[in-house]
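Asks: Here it is, the structure, as structure tokens.
The values are calculated or read from the model by the stated rules, or taken from the named source; none is laboratory data. This is a predicted model, so every value here is computed, not measured. Glycine gets a Cβ as well: all are built from the backbone with ideal geometry, and neighbour counts include every protein chain shown. Just so you know, the surface numbers come from the protein's heavy atoms only, side chains and all, with ligands and any DNA or RNA stripped out. Shrake-Rupley method; radii C 1.70, N 1.55, O 1.52, S 1.80 Å.
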Amino acid sequence: MKIVLNKLLEFLGATLLVSMIGIVLWQVFSRSILGDPNTVTEELVRFGLVWFAMLASAYVVGQKAHLAVTILSEKLSGKKSKVLEIIVQCLFLIFAMMIMVYGGWNAVTLTMGQISPSLGISMGYVYLSIPVSGVLIILYSLINLTDTLRNKPIIQEKI
């Protein structure tokens, strides 16, 4: 399951990144060479960047490469290290469920009627990246928690 999630997020992230680069290059070309700047490109890249950041944050949680204060975890070993890892994963679950999924869904429903100025799409689709990322973080945290409880080694995976 984790391998499938990793591959999916790697593909989506790469696709978003390449698309954003292409859009920015088109914006620069149309503004500099054609003298007719495209008005939707800036907004499209901004929304793509939001989705990219949210999906990347879920990916990083899955790889256990998130920003961490390691002063405590470096001093612990054995059972204490395992307990700390369980606590961290449970905190990720609580945060993702309450803030990202529940709060993010509320933001989506509140902004569905708000239309973006250039693209003319509902802002709810932009905010949808929050609960989607929250669900992915929940899945990754459950996988990480299961691995920890099954005594699989606690190692930060390289991205």
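Asks: Is it the case that SER141 is over 25 Å from GLU42 (Cβ atoms), in a helix (DSSP H, G or I) and within 18 Å of the chain's Cα centre (by Cα)?
Replies: yes
Asks: Right, here's the next one. List pairs: first in the stretch 1-20 and more than 16 Å from VAL60 (Cβ to Cβ), second part of a helix (DSSP H, G or I) and open to solvent by 70 Å² or more (accessible area, probe 1.4 Å), Cβ under 7 Å, 6+ apart or cross-chain?
Replies: MET20/LEU49
Asks: Could you list, in sequence order, all residues of the stretch 124-159 that are more than 15 Å from ILE86 (Cα to Cα), at pLDDT 95 or above and open to solvent by 30 Å² or more (accessible area, probe 1.4 Å)?
Replies: Result: TYR125, TYR127, LEU128, ILE130, VAL132, VAL135.
Asks: Residue check: is SER19 of a type in the set (Ser, Thr, Tyr), part of a helix (DSSP H, G or I) and more than 24 Å from SER118 (Cβ to Cβ)?
Replies: For SER19, the condition - of a type in the set (Ser, Thr, Tyr), part of a helix (DSSP H, G or I) and more than 24 Å from SER118 (Cβ to Cβ) - is not met.
Asks: Follow-up question, since we're still on this one. Looking only at the stretch 15-36, decide whether some residue is open to solvent by less than 40 Å² (accessible area, probe 1.4 Å), under 14 Å from the mean Cα position of the chain (by Cα), modelled with pLDDT of 95 or more and not acidic (Asp, Glu).
Replies: Within the stretch 15-36 (the criterion being open to solvent by less than 40 Å² (accessible area, probe 1.4 Å), under 14 Å from the mean Cα position of the chain (by Cα), modelled with pLDDT of 95 or more and not acidic (Asp, Glu)), the answer is no, since none of the residues qualifies.
Asks: Scan the stretch 65-82 and give yes if some residue there is modelled with pLDDT under 95 and in contact with a Phe, Trp or Tyr (Cβ under 9 Å, 6 or more places away or on another chain), otherwise no.
Replies: Yes, because at least one residue in the stretch 65-82 is modelled with pLDDT under 95 and in contact with a Phe, Trp or Tyr (Cβ under 9 Å, 6 or more places away or on another chain).
Asks: Oh, and also: Report, ordered by the first and then the second residue, all pairs with beta carbons closer than 6 Å, sequence separation of six or more or different chains, a first member in the stretch 103-121 that is closer than 30 Å to LEU93 by Cα, and a second member that is hydroxyl-bearing (Ser, Thr, Tyr) and assigned to a helix (DSSP H, G or I).
Replies: ALA107/TYR127; VAL108/TYR127; THR111/TYR127
Asks: Another question about this same structure. Could you grab me the full set of residues in the stretch 65-94 that are open to solvent by 100 Å² or more (accessible area, probe 1.4 Å) and closer than 20 Å to LEU55 by Cβ?
Replies: Within the stretch 65-94, just LEU67 meets the criteria.
Asks: Kindly list, by first and then second residue, each pair from a residue in the stretch 71-84 that is in a loop (DSSP other than H, G, I, E, B) to a residue that is among the polar types (S, T, N, Q), limited to pairs with Cβ atoms under 7 Å and residues at least 6 apart or on different chains.
Replies: SER73/SER81
Asks: If you scan the stretch 41-53, which residues turn out to be in contact (Cβ under 8 Å) with a residue 24 or more places away in the chain and either open to solvent by less than 40 Å² (accessible area, probe 1.4 Å) or touching a strand residue (DSSP E or B) at 6+ places or on another chain (Cβ under 8 Å) (or both)?
Replies: Passing the criteria: GLU43, VAL45, PHE47, GLY48.
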